[in-house]
Amino acid sequence: MVSYKKIILLAFSLWSSTVTCFAQKQVEHLSRGLVALQYDERHVFLSWRLLASDPQNLSFDVYRQQTGKAKQKLNNLPIKDVTNFRDTTVDFSATSPKAAVSYTWWVKAANIAASEPGSTFTLSADNAKKGYLSIPIQLPPAGEIDGVKYAYTANDASAADLNGDGDYEIILKWDPSNSRNPPQTGFTGNQILDAYQMDGKLLWRIDLGKNIRSGAAYTQFLVYDFDGDGKAELITKTADGTIDGLGKVIGDPTKDWRTYEKGGTYGKIVRGPEFLSVFNGETGAVMATVPFVPDRFPLDGWGGTGGNGGNDNTGGRADRFTAGVAYLDGKHPSAFFVRGWYGRTVIAAWDWKAGKLSSRWVFDSKNRDNPYSGMANHSVSVADMDNDGKDEICVGAMTVDDNGKGLYTTGFGHGDALHVAKMSPANEEVSVFGIHEIEDTLKTPVRPGVALYSAETGETRFKLGRNIDVGRGVAADIDPTHPGFENWGGPGGLRDLEGKTISNAVPSSTNFVIWWDGDLTRELLDKNRIDKWDWKTEKTVNLLQAEDCLSNNGTKATPVLSADLFGDWREEVIWRTKDNKELRIYSTTIPTTYRFTSLMQDPQYRTAVAGQNVSYNQPPHPGFYLGSGMLHPSKEKVLIVKKSTLKNTRLKK
């Protein structure tokens, strides 16, 4: 008799063979990404990337060199099952003064050593005990508008390889203290974007200018290698007076489109041209500017079933944006920008090729009579939802196909949190878990507060909370005793994939999730801490609290960024310090027995990281099931891009 496990393995094998016929999605070239962190006086934890180009049997050697001494090999046998190592013989107290002591580690592929230079990381005694990596940042000067003073705080960030060397730079958004939500009147300070190397060197600063209002719903910036030259570009909304990284002004610098008259549009920008611009990732220089699609008019044309079925003509609903990166042709990344959540929703997809920004397609729900209107979340997710090798765009309770046509809508209405992933180890189906804001029931149909449905068809798996407005929700595998993802937020406590309550107790946070310890379940990321759900005691246990660090975006309490930035497949988290003079990157020092390709070379995960800064930030999920009970991660062909040199490889996860 054939076992159930063998049937699943056979089905997986057949599925894996079919995906190889699809076009290969371009992903960035990455270095080995070695990181070393001290976790006590004589122990340093090392981890590094397994790359998409690596053969399955690749093993590694680790070396260490103290200042003024010979290099020594640390491992007796090649390291073949993991991509981490504990150095238990390093001693930072051995030499005085401590500041003069430093160690450099190397990791090299053991069986292809001649063709790989390896990766290095150096720790000195004066910074080894920090337990994190520090990036000094340059606080923009404070200002004053209309008699109100404001100052800046470090806000959301993205990571991208701006110069093609295989290592990430950090692109940081600075928020003024007077940033606003679209319904709020009043002036804001200028929105600032910086690019930093990991050592804190400022590469460029872009000032979006007085005609771009500051706030989470306004500025969505995408940093990605859109043209496949091995170096990332930045695409974002601009206006008259935007200043690029070299000091060049976009549009007419004399124009001030802000509203000075008291009333519903006071301090807002509801007139004047809107642009979409592409900036060079290395220099911050603007390379192309086109009119933003769509424009804001008519101002009262963006209402509908959202916001209690209401509308406005003051720019409240017209200035709600999200954005993302998607492989709409199955190979090349495209940028897309979404305007409108509560009623009319327009998605404009763009391609950046050969120095030209061109429109790929535009989706427009047009009016409240259209079933796709009022279905857009405050976040957006991208995935290959129908397994055709091309990405679809889920903006909440509706999904748009790779060709710009509506695929389906559930009719559940817009909401905040959104999770799109392969949530079960038993199949390759992509699921959508979302929460929904319930509108005035006199104007809208009955809707659930929580729902999980098929990403391909929109078929509902479960829905709960009849006409209950749910503000927060998460889906992730946090309990290995139940197959697949758990979900929580709204009624029903902690639930399984069928919506069945498995615990009346819920985790202490309903926010971000992160892979941090050594097992396959995901941990909880909230405020300045990382916690683990203990499914045995049904309580939350703290693993890390980042002292002197703060989270962003008010009660949403999100990090500057969470992503697999370097090291092995576990994720890093970036927080800002209280004085906004430093970004701190925390990376785990807990060993793991699992070995996967860097998550940043998984297209779905990578695009999710690129869009993490968008409006109501959401944590990234990979394009395969990663969690307890996984049989083997699925394989997807990718094309690694290295400074205009393309190389075919198969992605191994």
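Every number in this text was worked out from the coordinates using simple rules, so none of it is lab data. It should be emphasised that the depicted structure is a prediction, and the values quoted were computed from it without experimental measurement. As a convention, Cβ positions derive from the backbone with ideal geometry for all residues, glycine included, and neighbour counts pool all protein chains shown.
Numbers at a glance
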| read-out | value |
| --- | --- |
| Once the Cα gyration tensor of the range 281-386 is diagonalised, semi-axes √(5λ) in Å | 27, 17, 11 |
| At R0 = 45 Å, FRET efficiency that the Cβ-Cβ distance of Phe297 and Val82 yields, to 0.05 | 0.20 |
| Percent of C-alpha pairs per 5 Å bin, the range 431-580, short to long | 2, 9, 16, 19, 18, 16, 11, 6, 3, 1, 0 |
| Extension gain from Asn467 to Gln545, taking 0.36 nm per residue of separation minus the Cα-Cα distance | 24.4 nm |
| Quarter of Cα convex hull surface for the range 199-275, i.e. mean projection, nm² | 6.9 |
| Inter-centroid distance (Cα atoms) of the range 381-455 relative to the range 40-83, Å | 43 |
| In the range 500-558, trypsin sites (Lys or Arg not before Pro) in a DSSP loop with at most 15 other beta-carbon atoms within 10 Å | Lys500, Lys536 |
| Semi-axis lengths, Å, the range 512-653, gyration tensor of Cα atoms, sqrt of 5 times eigenvalues | 27, 20, 13 |
| Gain in span if fully extended, Tyr63 to Thr254, counting 0.36 nm per residue against the direct Cα distance | 62.9 nm |
| Number of Lys pairs (Cα under 29 Å; 8 or more positions apart or on different chains) in the range 334-458 | 12 |
| Theoretical FRET efficiency, 1/(1+(r/R0)^6), r = Cβ-Cβ of Thr185 and Leu246, R0 25 Å, to 0.05 | 0.15 |
| Fraction of beta bridges assigned by DSSP in the chain that are antiparallel (%, nearest 5) | 95 |
| Gain in span if fully extended, Asp40 to Lys149, counting 0.36 nm per residue against the direct Cα distance | 34.8 nm |
| Dipole magnitude of the chain, debye to nearest 20 (Cβ charges: Lys/Arg +1, Asp/Glu -1, about Cα centre) | 460 |
| With at most 13 neighbouring Cβ atoms within 10 Å, loop GluC sites (Glu not before Pro) (DSSP) excluded, longest segment of the chain | 42-260 |
| Whole-angstrom gap from the range 126-191 to the range 193-249, using each part's C-alpha centre | 12 |
| Residue list for the range 562-603, given a label point 7 angstrom along the Cα-to-Cβ vector of Leu139 and an amide N cut-off under 14 Å | 576-583 |
| Burial ranking of peptide ranges 331-340, 57-66 (average Cβ count within 10 Å, highest at the top) | 331-340, 57-66 |
| Relative contact order (percent, whole number), the chain, Cα cutoff 8 Å, 6+ residue spacing | 14 |
| R0 of 25 Å, Cβ-Cβ distance Lys500-Thr555: FRET efficiency to nearest 0.05 | 0.25 |
| Cα-derived Rg to Rh of the range 323-461, Kirkwood definition | 0.98 |
